[in-house]
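Remarks on the structure that follows.
Laboratory data are not the source of any read-out in this text; all were calculated from the coordinates shown. Just so it is clear, the structure is predicted and the values come from calculations on it, not from any experiment. Neighbour counts run over all protein chains shown; Cβ positions are idealised from the backbone, glycine included.
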C-alpha cells in the first residue's frame, strides 16, 4: 500500500507516496466492500458473492452493522454461490437446483430486478468466465444478471470497487440519448435513508431551499430505474467524492456536468459546492445561499470563540477529510496533523485546491495512516482535539485526548448546519464529553436545523 | 475439517477459517496475527476484535494482484520484521488468505531466518475459506500452539478449560460460570485458559502443567464418543460435570447429587405450573453452546426448538438426536426469512435475526450489532431458571 508521512507542501507538489509492506490499518476497507456497499444499499439489487464464503461473512457484518438501524438499511440479503478449492481446480462451476430454488425464493421475497455477481479472489485468480455463469443464471431465473471483475486482491482500498460497481450500473444507459432537465444528481450517498436529520436529507433540503431540484441519489436508497432517471439530470454533484470514478468524466462528455466536486462542508466549502451546482444548471441563487448562511452565523461566531487556535488532529477518507479541513479552516484551529485514510485519484488536486484557494495550513500530513502512525502523532504533538475514525478512540483515550468520531455519526456534518453540529461536538469534547458509547456505537447530539422562510 | 461440496448454502452463519484463528489469537496478550493477503481480509475481520472490545490491531501486507505475480516473499519478510519491531510478540501467526493459499508460495526460509534472530515463534496458518470453516481455524491455531510450545496433556488436579474466545457473546459470564461449576463440584483447580487473556510469558509455565479440557470452539470432534455440549439446563449441567469427572478421572463432590435433586425438584414445580409445549424457540450459534441450550429447551422444557448451527453440530445431532429441527450453517436473511414463517416466541441468536417488533431476542452468537442487547447468565443450574424467566416473559409479551 502507498503511504506518506511528512511535510504537507512537499506532498501536494510531488505526491511521492512510497510502497509499504506492512499496514496496521484500522479504517480502510477493500474493493469488494465498496462494490457490495453500493449494491446492498440499493432497492431491487441482489448481490451474490461467488467463491469463498468468508468474504460474505465479514462484508455482511461490516456493512449491515453500521447501517441497519442508523441509516435504514434493514435486513438485506447477500447471497453466496460457493465453490471450493477442488471445484476451482477442476473447473466445475455447475450450479445446483437447490441453489436456484433458494435464490429464486430470495429474489421473489426482495423484488430483485438485478443480480450482480461479485467474485472472490480464487475466482479472479483462476480466471473463471463469470459472463457464462451470469448468463446461465439470467436464463434460468429470468432476472437480469451482471458481474464485476474486481475482487479483494484488485486493490488496497475502495477505489477499484466503487469504479467497477458504477460502471456495471451505468453501462446499460451510456449509449442512450436523454433530454436534460435543470436538476442535479447527488453522488456518493451510501444508505437507503432520505431522512432530513441525515446528511442526504440535509443536502436535499439545502438544495431545495436555494431553488435546486435533485434528480437522483447515487446510489444509496435508489433503484435501477433511478440510475436511468439520473441520466436526465444536467449535473452530478458529490456528497462524497471518494466514490467518484472515471464514469463521471464519461457522463460529462454526454452532457451531465461534474459540479460540486468536493463535499459540502464548512461555510466556504458549502458555498463553493452550491454555487458550482447552480452555475452548472445556470441558476442564479447567490442571494438565497447567502441568506441561508446568515441563519447559522451567530452560532458559528460563538463556537469559533471557543475553538479558535486549538491544536487539532483530523483524519478522514478522500471525500470527508477535504470537507473536515474546510470546517476546521472556518474555525481557525491549528491543524497539527491531518491523515488521509486512502489516496484517491482526486486527492492531490483537492488538497492543492484547499491550499491555494482556502489557505489550508497543516504541519504534518499522513497518507494511509496505521495505528502505529497514530501512536506517534499522539506522542509527538500536543493535541487538544482529535477528530478521527471510530477506531481511533483507543489511541485518543490512551493519551487522554478529547475525541470526536467522524465516521460513526448520524447528525449531519455537511452544509452550514454541519459546521454548527461539528462545532458543538468539538465544544462538548473539550468539556470532557465522551462520544463513545461502546466500541461499536457512538453517542449523538441533536442536529441544528434552521430554515429559510418560504418567501425567501 | 469440513469442506462444503453441495453448493446449497446461500447465506452461511459462520465465517472462514481466518475468523477462527483471529478469535483465538486475540485472547493471547503477547501474540500477534499478520494477515498475508489483500487488505479486505484484514479490514473485514477487524469486527472480531470489536466483539471482544479490543483495539483492532490486525496488521496486513495488503497484497494486490501485482504482488501475486511478482511473488510476495520479500513483502512478508519486511512485514515480519516491522511487525516484530512494533509489537514485540512472543508468537506471531501469519494467516494466509485464499489468494496466497491458491498460489502455493512457501515461506519456510523467511521464517527460519526470522526465528533465528528474534525471540518469537512464527507459524503460517491457512485462513482461507477454501481450506476450512471458522471452527477449523480455531482448532488449527490451537494445535499449532500445542506444537510450537511443546504443550502436553497432564493427569493432574489443575485444569485448563480451552476453547472459549474473548469475542464470544457473554464471554465472561459464561467462563466464570464454568469455573464456578468446577470449583463447586470438584476438587480440581482452575488453571489458565489459552485464549482468555493468556500471556505466554507469565502463564505458559503453569499451562504446561495442566490437564487440557476442550470445550467451546474446540468442541468440534463429533467422532469422540463421550463428547457433550455446553452445560445448559439441569440435566445438561449435571451431565457436563459428570463428563468432567470422566475425562479428568477426578471424583466429583457429593454436593452435586444434592444440588441436582434440588434443582430438578424446582424445575418440576415450574413445569407443573407452566406448559412450554406450545413455545417455539429459534437458536442460532456455534455447536457447543447452541446444542446445549437447544437440548435443555427441547428435552427438559418440552418446547419446540429450531436450531441453526455449524456442520459439526449437525453431524453430532445426527448421532445423538438432541433436536429435530436443525439447519446446517444457515444465517443472515435466509434464517430471518425462515424465522418469519416459524413465528417464534423467543430467539437466541445474533443481530441478523433480531426483530423486536415480532419476537424477543437474547444475544447468543456473534455478530451483535452495537452491543445493545443485555447479556444474561444462562449457563449452569441457575442459568436454567434465567432461561425459563426469559421464555415466560416472551410468552407474556407476545
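Tabulated values for the structure
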{"quantity": "Label point distance in nm, residue A:16-residue A:359, each placed 7 Å from Cα along Cα→Cβ", "calculated": "2.9 nm"}
{"quantity": "Spin-label model distance (nm) - residue B:179 vs residue B:397, 7 Å beyond Cα toward Cβ", "calculated": "3.1 nm"}
{"quantity": "Spherically averaged projected area of chain B from its Cα convex hull (nm²)", "calculated": "19.6 nm²"}
{"quantity": "At 0.890 mPa s and 25 °C, Stokes D of chain A from Kirkwood alpha-carbon radius, µm² per second", "calculated": "107 µm²/s"}
{"quantity": "Fraction of antiparallel bridges per DSSP, chain A only, in percent to nearest 5", "calculated": "10 percent"}
{"quantity": "Extension gain, residue B:112 back to residue B:262 (0.36 nm per residue minus Cα-Cα distance, nm)", "calculated": "48.1 nm"}
{"quantity": "Rg(Cα)/(2.2 N^0.38 Å) for region A:1-129, N = residue count", "calculated": "1.35"}
{"quantity": "Hull-based mean projected area of region B:300-398, where the convex hull spans the alpha carbons, in square nanometres", "calculated": "6.7 nm²"}
{"quantity": "Relative contact order computed over region B:19-166 (Cα-Cα under 8 Å; 6+ residues apart), in percent", "calculated": "32 percent"}
{"quantity": "Modelled FRET efficiency - R0 41 Å, residue B:54 with residue A:179, Cβ distances, 0.05 increments", "calculated": "0.15"}
{"quantity": "For region A:257-377: relative contact order, % (alpha-carbon pairs under 8 angstrom, 6 or more apart)", "calculated": "23 percent"}
{"quantity": "Residue order, fewest to most surrounding Cβ atoms within 10 angstrom, among A:358, A:394", "calculated": "A:358, A:394"}
{"quantity": "Cα-Cα pairs of region B:71-210 separated by more than 22 Å (percent)", "calculated": "50 percent"}
{"quantity": "R0 of 41 Å, Cβ-Cβ distance residue A:309-residue B:88: FRET efficiency to nearest 0.05", "calculated": "0.60"}
{"quantity": "Extension gain from residue A:111 to residue A:287, taking 0.36 nm per residue of separation minus the Cα-Cα distance", "calculated": "58.9 nm"}
{"quantity": "Exposure proxy ranking, count of Cβ atoms within 10 Å, fewest first, for B:245, B:11, A:213", "calculated": "A:213, B:245, B:11"}
{"quantity": "Crossing angle, helix B:73-87 versus chain B [Cα axis fit, 0-90 degrees, rounded to tens]", "calculated": "60 degrees"}
{"quantity": "For a label point 7 Å along the Cα-to-beta-carbon line of residue A:431, residues of region A:384-412 with backbone N under 16 Å", "calculated": "A:402-404"}
{"quantity": "Under 20 Å from the residue A:228 label point (7 Å along Cα→beta-carbon), backbone N, region A:177-217", "calculated": "A:177-186, A:215-217"}
{"quantity": "Scattering profile of region A:184-248 at q = 0.13, 0.26, 0.28 Å⁻¹ [log10 I(q)/I(0), Debye over alpha-carbon scatterers]", "calculated": "-0.31, -1.26, -1.41"}
{"quantity": "Per-residue Cβ neighbour rank within 10 angstrom, fewest leading, B:162, B:203", "calculated": "B:203, B:162"}
{"quantity": "On Cα atoms only, tilt of A:286-295 relative to the major axis of chain A in degrees", "calculated": "70 degrees"}
{"quantity": "Tail fraction, Cα-Cα pairs, region B:293-353, threshold 14 Å, whole percent", "calculated": "56 percent"}
{"quantity": "For region A:256-394, the spread of Cα positions along each principal axis, largest first, Å", "calculated": "49, 37, 26"}
{"quantity": "Residue A:450-residue A:126 FRET efficiency (beta carbon distance; Förster radius 41 Å; 0.05 resolution)", "calculated": "0.10"}
{"quantity": "Using alpha-carbon coordinates, inclination of helix B:234-248 to the longest axis of chain B, degrees", "calculated": "50 degrees"}
{"quantity": "Area projected by the alpha carbon convex hull of region B:202-320, averaged over all directions, nm²", "calculated": "9.2 nm²"}
{"quantity": "Rounded to 5, percent antiparallel among DSSP beta bridges of chain B", "calculated": "10 percent"}
{"quantity": "Mean ellipticity per residue at 222 nm, deg cm²/dmol - from DSSP H runs of n ≥ 4 across chain B, formula -39500 (n - 2.57)", "calculated": "-13500 deg cm²/dmol"}
{"quantity": "Dimensionless Rg over Rh [the protein assembly as shown; C-alpha; Kirkwood]", "calculated": "0.98"}
{"quantity": "Histogram of C-alpha separations across region A:335-421, 10 Å bin width, %", "calculated": "15, 43, 38, 4"}
{"quantity": "Chain B, relative contact order in percent, only Cα pairs under 8 angstrom and at least six apart counted", "calculated": "17 percent"}
{"quantity": "Cα-projected label distance for residue A:98 with residue B:199, points at 7 Å along beta-carbon direction, nm", "calculated": "4.9 nm"}
